[in-house]
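**Student:** I'd like to ask some things about the structure below.
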Amino acid sequence: MARGKKHSPEQVVNLLRQIEVSVANGKTTSLACKEGGITDQTYYRWRKEYGGLQVDQARRLKELEQENAKLKRIVANLSLEKLVLKDIAEGKF
């Protein structure tokens, strides 16, 4: 798998399930991850973030994270504009 390749939340959840099934059938986690095309580190990171989620829940999680980041940027911009307007109103140029 190419470095930096993006997986959709649905793909991540499905891949985690495949690896869990392989491990349950007696394969080692490292071997199951290699067959899935990811590293052990990626598997454990994904399991921490997506563990126990259904496909639709994972998709919604990513949407909410993106929306939250957008709202944080908006608040930061508005706070900066407020400070600039405040300085202008007080006569500080």
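The values are calculated or read from the model by the stated rules, or taken from the named source; none is laboratory data. What you see is a predicted model, and the numbers here were worked out from it, not measured in a lab. Positions of Cβ are backbone-derived with ideal geometry, glycine not excepted, and every protein chain shown enters the neighbour counts. When the accessible area is computed, the model is the full protein with side chains, heavy atoms only, and any ligands, DNA or RNA have been set aside. Shrake-Rupley method; radii C 1.70, N 1.55, O 1.52, S 1.80 Å.
**Student:** I need the full set of residues from segment 9-55 which are without any contact (Cβ under 8 Å) to a residue 24 or more places away in the chain and of a type in the set (Ser, Thr, Tyr), in order please.
**Tutor:** Correct list: 22, 28, 29, 30, 39, 42, 44.
**Student:** Could you give every pair whose Cβ atoms fall below 9 Å, whose first residue belongs to segment 56-70 and is open to solvent by 90 Å² or more (accessible area, probe 1.4 Å), and whose second residue is of a type in the set (D, E, K, R) and assigned to a helix (DSSP H, G or I), counting only separations of at least 6 or pairs across chains?
**Tutor:** 56/10; 59/10
**Student:** Return the total of residues in segment 6-47 being at negative phi and either aliphatic (A, V, I, L, M) or in a loop (DSSP other than H, G, I, E, B) (or both).
**Tutor:** Summing the residues that are at negative phi and either aliphatic (A, V, I, L, M) or in a loop (DSSP other than H, G, I, E, B) (or both) in segment 6-47 gives 18.
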